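Right, one structure below, let's go through it.
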Amino acid sequence: MKSKTGKTIKLRLVEVSDYAFIHSLRVAPEKNKFLSAVDDNPELQKVWLQKYKQREQNGEEFYFIIERLDNQETVGTMRAYDVDPERMSIRCGSWILNDNKTLTSAVESILLTWDFMREHHFKYLIVDARKEHVSALRFIKKISHRYYGEDETNFFYEIDVEKFAESFYQPNQHYVSPELVDGEI
């Protein structure tokens, strides 16, 4: 499987065998207060991932694992879904990092995800965060270009892929070095 590599992490597509790790993130009390609820049965996550792999093959959705480079420990996830082919936009979510993440995992993972989206010709990323998730909203406002909307529980912000290159990617590209990229996802 090909991946995107930064300075301290690697972003790769999820495999069905990642189900137990993903489930452990989604049920961790300190992480799940800002997530939609999942069943306690990890086998249901496995079934969901088996169905997801078909959506991935169809280019409808992409689910990434975030792995440390120094010890290959799996430390997080990020998902891209709800592809709008007319507008060339995609939503990003399920962005969860555990306590074993590297200091720069958050910045690196958004930079690597942006690189993936740009290579796949997406023009806009729609990101969301729960209204009460103050730290996530602070980061999203830093990287987004405009308020996109809200629902009962979430705020949505839009990232213009090209504007992101100037406003966030270029000043932070030292976190991801092009010569370290293993290959395209």
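The values are calculated or read from the model by the stated rules, or taken from the named source; none is laboratory data. Predicted model, so just to flag it, every value in this text is computed and none were measured. Glycine also receives a Cβ, built like all others from the backbone with ideal geometry; neighbour counts cover every protein chain displayed. Just so you know, the surface numbers come from the protein's heavy atoms only, side chains and all, with ligands and any DNA or RNA stripped out. Shrake-Rupley method; radii C 1.70, N 1.55, O 1.52, S 1.80 Å.
A few remarks follow.
Here is a yes/no grid of residues against (1) open to solvent by 50 Å² or more (accessible area, probe 1.4 Å); (2) touching a helix residue (DSSP H, G or I) at 6+ places or on another chain (Cβ under 6 Å); (3) assigned to a helix (DSSP H, G or I):
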site: ALA80; (1), (2), (3): no, no, no
site: ILE90; (1), (2), (3): no, no, no
site: THR102; (1), (2), (3): no, no, no
site: THR113; (1), (2), (3): no, no, yes
site: ILE126; (1), (2), (3): no, no, no
site: LYS141; (1), (2), (3): yes, no, yes
site: GLY149; (1), (2), (3): no, no, no
site: SER167; (1), (2), (3): yes, no, yes
site: GLN170; (1), (2), (3): yes, no, yes
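- Residue match in region 22-45 (condition: open to solvent by 20 Å² or more (accessible area, probe 1.4 Å), without any contact (Cβ under 8 Å) to a residue 40 or more places away in the chain, among the small types (Gly, Ala, Ser) and under 21 Å from TYR175 (Cα atoms)): no
- Of the candidates GLN50, GLN57, the single residue that is farther than 20 Å from CYS92 by Cβ, modelled with pLDDT of 90 or more and open to solvent by 40 Å² or more (accessible area, probe 1.4 Å) is GLN50.
- Among (1) out of contact with any Phe, Trp or Tyr (no Cβ under 9 Å at 6 or more places or on another chain); (2) open to solvent by 60 Å² or more (accessible area, probe 1.4 Å), the one test that GLU132 misses: (1)
- Selected residue [part of a strand (DSSP E or B) and out of contact with any Asp or Glu (no Cβ under 6 Å at 6 or more places or on another chain)] from GLU67, GLU56, GLU86, GLU60: GLU67
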